[in-house]
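Trainee: Submitted below is the structure of interest, expressed as structure tokens.
Values in this text are rule-based calculations from the coordinates and carry no lab data. All values reported here derive from a predicted model rather than from experimental measurement. Virtual Cβ from ideal backbone geometry, glycine too; neighbours counted across all protein chains shown.
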Amino acid sequence: MIVLGIDPGTAATGYGVVTDHSGEPRGSLSLVECGVIRTAPRDGLSVRLCGLYDEVRAIIARHKPDVLAIEDVFYAKNVRTTVVLGHARGVVLLAAQQSGMRIAEYPPAEIKKTVVGAGAATKEQVQFMVARLLRLKSAPQPTDAADGVAAALAYLLTARVPRLERVR
């Protein structure tokens with residue numbers, strides 16, 4: 001299974017592509033690619049969103065992921081920041097939906113709790129655990145890239161755990 005994790009933003013969107021080889025002998029998780037999609041701050045919002053969309057589509061075409069794991073909207077003190085983040089998430093969700101991918105959305109605290117064990121983990125703690133879980137020599141840089149990888153890991157780590165169904 002191939003999972004694309006995204007930490008959305010208009011200035012910098014972190015992403016990570018992680019594969020799960022659990023069906024194979026000596027199966028494990030491995031990092032395929034990670035990085036940051038940057039847009040020019042001087043460009044208008046529509047131009048930035050178009051660039052983000054095109055880059056996400058290129059990543060999807062290159063790796064053909066099965067699932068998109070994306071960080072859900074958090075509520076910033078600045079309402080404008082929250083709204084702009086929603087626009088960035090929207091174009092990423094559109095790209096994934098058009099590609100026929102499954103989509104999993106996670107609140108930031110749930111991603112941190114799954115990967116680090118604490119919902120209030122720092123960016124440095126997330127980087128450290130991403131490197132540990134994927135047996136990397138160094139943590140993905142910058143932190144936005146590590147956050148994208150963490151989103152993918154959150155999906156893969158929770159997909160391995162059977163869900164208890166609520167009895168009514």
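Trainee: Using a/c under 1.5 as the rounded threshold, could you call the range 74-137 rounded, prolate or oblate? The axes a ≥ b ≥ c are square roots of the C-alpha gyration tensor eigenvalues, and prolate needs a/b larger than b/c, oblate otherwise.
Mentor: Details: a/c = 2.50, a/b = 1.34, b/c = 1.86.
It is oblate, given that a/c is not under 1.5 and a/b is not larger than b/c.
Trainee: Search the structure for amide H atoms under 5 Å from the amide H of Leu29, placed 1.01 Å from N in the peptide plane, and list their residues when 5 or more places away or on another chain.
Mentor: His21
Trainee: Which one, Leu93, Leu49, Leu134, has the greatest fluctuation when you compute a Gaussian network model over the chain with C-alpha springs under 10 angstrom?
Mentor: Highest fluctuation among the options: Leu134.
Trainee: Another question, then. Pick from Ala12, Ala40, Ala104: which residue has the top mean-square fluctuation in a GNM of the chain where Cα pairs under 10 Å get a spring?
Mentor: Between Ala12, Ala40, Ala104, it is Ala40 that shows the largest mean-square fluctuation.
Trainee: Could you tell me the relative contact order of the chain? Use alpha-carbon pairs under 8 Å, at least six residues apart, and round to a whole percent.
Mentor: Values: 318 pairs, mean separation 52.3, N = 168.
31 percent.
Trainee: Could you work out the local net charge near Asp72, counting Lys and Arg as +1, Asp and Glu as -1, over the other residues with Cβ closer than 13 Å to its Cβ? Walk me through the intermediate numbers first.
Mentor: On the way: positive: Arg89, Lys112; negative: Asp7, Glu71, Glu105, Glu110, Asp147.
After counting each charged neighbour, the total is -3.
Trainee: Looking at the square roots a ≥ b ≥ c of the eigenvalues of the Cα gyration tensor of the range 1-140, which shape do they give, rounded for a/c under 1.5, prolate if a/b is larger than b/c, or oblate? Don't skip to the end; give the middle numbers.
Mentor: Numbers: a/c = 1.88, a/b = 1.32, b/c = 1.43.
Verdict is oblate for the range 1-140.
Trainee: Using alpha-carbon positions, what is the distance between the centroids of the range 111-147 and the range 1-58, in Å?
Mentor: The distance from the Cα centre of the range 111-147 to that of the range 1-58 comes to 16 Å.
Trainee: Oh, and also: All other residues with a Cβ under 11 Å from the Cβ of Val92 taken together, and with Lys, Arg as +1 and Asp, Glu as -1, what is their net charge?
Mentor: Values: positive: Arg57, Arg89; negative: Asp7, Glu55, Glu71, Glu105.
Here the count lands on -2.
Trainee: Give me the net charge for the shell around Val116: Cβ to Cβ below 14 angstrom, other residues only, Lys and Arg +1, Asp and Glu -1.
Mentor: Working: positive: Lys112, Lys113, Lys123, Arg132; negative: Glu110, Glu124, Asp147.
Result for the neighbourhood of Val116: +1.
Trainee: When a footprinting reagent is the concern and you count Cβ atoms within 10 Å, what order do Ile70, Ile2, Ile59, Ile111 take, fewest first?
Mentor: Least crowded to most crowded, the residues run Ile2, Ile59, Ile70, Ile111.
Trainee: By counting other Cβ atoms within 10 Å of each Cβ, how are Glu71, Glu124, Glu105, Glu55 ranked from fewest to most?
Mentor: Starting with the residue having the fewest Cβ neighbours, the order is Glu124, Glu105, Glu55, Glu71.
Trainee: In deg cm²/dmol, rounded to 500, what helix-only [θ] at 222 nm does the chain give when every DSSP H run of at least 4 residues adds -39500 (n - 2.57) and the total is split over its residues? Please list the in-between numbers first.
Mentor: Values: 5 runs with 75 residues, N = 168.
Mean residue ellipticity, 222 nm, calculated: -14500 deg cm²/dmol.
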